[in-house]
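The values are calculated or read from the model by the stated rules, or taken from the named source; none is laboratory data. Keep in mind it's a predicted model, so treat the numbers as computed, not measured. Note that each Cβ is placed from the backbone with ideal geometry, even for glycine, and that neighbours are counted across all protein chains shown.
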Amino acid sequence: MLNYKYTNNLIQETSPYLLQHAHNPVNWYAWNDETLQKAQSENKLLIISIGYSSCHWCHVMEEESFENEDVAKAMNDNYICIKVDREERPDIDHIYMSALQMITGRGGWPLNVVALPDGKPVWAASYVPRRRWIDVLVQISEMYYVETEKILEYAEKINQGLQENDTIIKETLSYVFTKDFLTEILLNLERHFDLQFGGYKNAPKFPLPSNIEFLLKFAVNNNIELLEYIDLSLEKMAFGGIYDQVEGGFSRYSTDLKWHIPHFEKMLYDNAQLVSLYSRAYSYFGKQLYKDVVEETLNFVHNDLTGESGNFFSALDADSVNEQGIKEEGAYYVWTKEELSELLEEDFALFSEYFNINEFGRWEDEKYVLIRTETDEDFSEKHNLSIEEIKNKVRIWKNVMANAKSAKNLKAAKSSKRKRKKRNRPELDDKSLCSWNALMLTGYLDAYKASGEREYLDAALKSAQFIEEVFLKSDGSLFHNYAKGKTTINGFLEDYAAVIQAFISLYQVVFDEKWLELSRKLTGYVLKHFFSNETGMFYFTSDVDTGLITRITETYDGVISSGNSIMARNLFYLGNYFGDTVYRDISEQMIKNMLPNLKTSGSSYSNWLALYADFCSDFFEISVTGPEAFDFATEINKFYIPNSIIAASDKESDLPLMKNRFIEGETNIYVCIDGACQLPVKTVKEAIQLMNFKTVQE
């Protein structure tokens, strides 16, 4: 058992990130009512330091400052120091990130805030070098006691700015949804498209699933050039170093324009959404590359991020310990020519061309991150090898390299006498978050719909069972977190929105109405405890949670779509399933409120744009009844039909979308728009024709 010189209050926590700091000399506390009361009773300023376990610069600042005894003394003497895992407490992170952006014009983690004892911020920064950190702490502490009124006045101005920044104006005028509005927004977006490598013309480059999802939804049957750009973006991301070419799965973002050098942490939420995106892209484009990405990414999720109960863990660290025993970013993923030459022997030259072990693929210090530039078809033609021969070689290469990472013998199965230390895997953040688990559940469902692989459905059902048994409380509310066998934090809007979305998706695959009823029950809880009648939007936190300086209303669609935009789409779908005009009206009000944001900054509100597209286009309600209903519905699910919902039953159903449509012994497919239905058809092909829907595969 290790003997630590210091142990602070974080030792009682379950978050891996907080536990990483439990033996700092800084006297850290967790965020809770007792800590805040302590600050006010002692009249001490707060240091609120926010990060997450896989954050590279969070580790750097810990090593430089929080493990240093001189720094710790400056912090402990004059402040109550609070450590926050941003993934456990996104509500706290949202508030203080807004303050950081207001104060500095920038964002990022670690997020370090100095606040009054009541939590109102007075200063904020991201990474701060040790010497400057000490100087800042000394100066602010002195000001607080010498120029108290000045500090209080400044904090009040920032707090007022936070309140105003979060203002949503409820739109009261009537509005007509038009495709012209989306076309205008698309013209603005196109100016920023990177037509060489896909994505947008800026670095760092984030894969933005909801952006591409909206573009694909808009482009289907309408815009060939846009489809080509979407295909380019998906292909280049799959070819890039941001995608783990050996073991599958995506890193969080690329530091360059060509998707090459990632910030190496792998997050569950990215991979969940990218599985959904590539599954839908495979359904539409039919490209084997996209199916391979889904399969390999789900293999990574299964091997590295899945618990025994079917829950999903949060992340793998960017850093791992290298051969010299030093933590190094990307150490687990990068290669040298010498290593690759030893591993691959006579195949090294071909491998080097395929994965660009050349100037294009070089990173730094003669290290290489694998990146592709050609399709298998082009590569096989150039080398006069069949596609199957190329695929077999790539499978062998990847297997050898994956084994080399985890085997003490560098050459793995090739019985070399040359030895090297086993590569240390990146550390795992093993907490499970409700919203991220729900996104992964949806990813598995989308993969099943596209491929028909039963193992994906089995994983989805196991995940749904875990959410229902562990995250769902008896009163219909949700927990946000699960770690070390404990659930400790109430759910946020993002949790409810993602779970409702996932349960709707689950119904659309297994057609068990239990999941729609659970979605409706959760929606009732959200309307009761999160909804604001004044704005027509949802707060991020429920009315049973207190202790924050403000209740924020999150609407921005970043890498993860906002809880409000997901909830607005959920209400739209449930309104159609249950014939509930209240749900539809709230959804419509929400998107009307967002129209100014959509017009000025469409790329930041892409999930809202996807909902707008449903309001301004034909939205199909597909219901399938009869003895072959489930088989027919499963076949329909293989098509990418983004503007639709589907219901199916092999018996009479009380679901409004299905009512009075069952005829004993007959299987019928009804295609309706706003409740107006065409005559039922008997085949999937006829149903697809009724929707005038085409795919690239056709």
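Any residue that is hydroxyl-bearing (Ser, Thr, Tyr), at pLDDT below 95 and within 23 Å of ARG252 (Cβ to Cβ) - is there at least one of those in the stretch 310-325?
Here is the first cut: in the stretch 310-325, the residues hydroxyl-bearing (Ser, Thr, Tyr) are 314, 320.
Now drop any that are not at pLDDT below 95, which leaves 320.
Okay, now just the ones that are also within 23 Å of ARG252 (Cβ to Cβ), so 320.
The answer is yes, given that some residue of the stretch 310-325 is hydroxyl-bearing (Ser, Thr, Tyr), at pLDDT below 95 and within 23 Å of ARG252 (Cβ to Cβ).
If THR336 passes every condition in (1) among the β-branched types (Val, Ile, Thr); (2) without any contact (Cβ under 8 Å) to a residue 24 or more places away in the chain; (3) exposed (fewer than 15 other Cβ atoms within 10 Å of the Cβ) but one, which one does it miss?
Only one criterion is unmet by THR336, namely (2).
Is it the case, given these coordinates, that THR442 is in contact with a strand residue (DSSP E or B) (Cβ under 7 Å, 6 or more places away or on another chain), β-branched (Val, Ile, Thr) and outside the structural domain of VAL294 (by TED's automatic domain parsing)?
Details: in contact with a strand residue (DSSP E or B) (Cβ under 7 Å, 6 or more places away or on another chain): no; β-branched (Val, Ile, Thr): yes; outside the structural domain of VAL294 (by TED's automatic domain parsing): yes.
So THR442 does not fit the description; no.
Within the stretch 175-196, is there a residue that is under 23 Å from MET267 (Cα atoms), modelled with pLDDT of 95 or more and among the hydrophobic types (A, V, I, L, M, F, W, C)?
Among the residues of the stretch 175-196, not one is under 23 Å from MET267 (Cα atoms), modelled with pLDDT of 95 or more and among the hydrophobic types (A, V, I, L, M, F, W, C), which makes the answer no.
Going through the stretch 142-180 one residue at a time, which ones are in the same structural domain as ILE103 (by TED's automatic domain parsing) and in contact with a Phe, Trp or Tyr (Cβ under 7 Å, 6 or more places away or on another chain)?
Answer for the stretch 142-180, where residues must be in the same structural domain as ILE103 (by TED's automatic domain parsing) and in contact with a Phe, Trp or Tyr (Cβ under 7 Å, 6 or more places away or on another chain): just ILE151.
May I ask you to say which residue of SER617, SER649 is within 35 Å of the chain's Cα centre (by Cα) and crowded, with 19+ Cβ neighbours inside 10 Å? Lay out the reasoning, then the answer.
On the way: SER617 fails: crowded, with 19+ Cβ neighbours inside 10 Å.
From the options SER617, SER649, the qualifying one is SER649.
Condition first: touching a Lys or Arg at 6+ places or on another chain (Cβ under 6 Å) and under 18 Å from GLU534 (Cβ atoms). Now tell me which residues in the stretch 148-183 satisfy that. Show your work before the answer.
First, the residues of the stretch 148-183 that are touching a Lys or Arg at 6+ places or on another chain (Cβ under 6 Å): 155, 159, 171, 175.
Scanning the stretch 148-183 gives a single hit, GLU171.
In the stretch 287-297, is there at least one residue being surrounded by 23 or more Cβ atoms within 10 Å (Cβ to Cβ), part of a loop (DSSP other than H, G, I, E, B) and either in the same structural domain as PRO209 (by TED's automatic domain parsing) or polar (S, T, N, Q) (or both)?
no
Kindly provide the set of residues from the stretch 35-72 that are buried (at least 20 other Cβ atoms within 10 Å of the Cβ) and either part of a loop (DSSP other than H, G, I, E, B) or not assigned by TED's automatic domain parsing to the domain that holds SER126 (or both), ordered by number.
Across the stretch 35-72, the qualifying residues are TYR52, SER53, SER54, CYS55.
Tell me which residues, restricted to the stretch 96-113, are surrounded by 22 or more Cβ atoms within 10 Å (Cβ to Cβ) and in contact with a helix residue (DSSP H, G or I) (Cβ under 9 Å, 6 or more places away or on another chain).
Result: ALA99, PRO110, LEU111, ASN112, VAL113.
Which of (1) closer than 18 Å to ALA39 by Cβ; (2) touching a residue at least 40 places away in the same chain (Cβ under 8 Å) does GLY161 not meet, given it meets every other one?
For GLY161, the exception is condition (1).
Quick check on ASP458: is it touching a strand residue (DSSP E or B) at 6+ places or on another chain (Cβ under 7 Å), modelled with pLDDT of 95 or more and charged (D, E, K, R)? Explain how you work it out, then say what you get.
Details: touching a strand residue (DSSP E or B) at 6+ places or on another chain (Cβ under 7 Å): no; modelled with pLDDT of 95 or more: yes; charged (D, E, K, R): yes.
No.
Go through the stretch 537-548 and give me each residue that's closer than 19 Å to THR167 by Cα, surrounded by fewer than 20 Cβ atoms within 10 Å (Cβ to Cβ) and either aliphatic (A, V, I, L, M) or at pLDDT 95 or above (or both). Quick ask: steps written out before the conclusion?
If we filter the stretch 537-548 for residues that are closer than 19 Å to THR167 by Cα, which is where we start, we get 537-543, 548.
Those still in the list that are surrounded by fewer than 20 Cβ atoms within 10 Å (Cβ to Cβ) too: 543, 548.
Listed by number, the list holds a single entry, LEU548.
Could you tell me which numbered condition ASP292 fails, if it satisfies all but one of (1) charged (D, E, K, R); (2) under 24 Å from TRP436 (Cα atoms); (3) touching an Asp or Glu at 6+ places or on another chain (Cβ under 7 Å)?
Failing condition for ASP292: (3).
Under 9 Å between Cβ atoms, at least 6 apart or on separate chains: pull out the pairs that start in the stretch 201-212 with a residue that is more than 16 Å from SER565 (Cβ to Cβ) and end on any residue that is among the β-branched types (Val, Ile, Thr).
Going by the 9 Å Cβ cut-off, the qualifying pairs are ALA203/THR255; PRO204/THR255; LYS205/ILE242; LYS205/THR255; PHE206/VAL559; PRO207/ILE242; PRO207/VAL559.
Mind checking which residues of the stretch 341-378 are over 33 Å from the mean Cα position of the chain (by Cα) and among the hydrophobic types (A, V, I, L, M, F, W, C)?
LEU343, LEU344, PHE348, ALA349, LEU350
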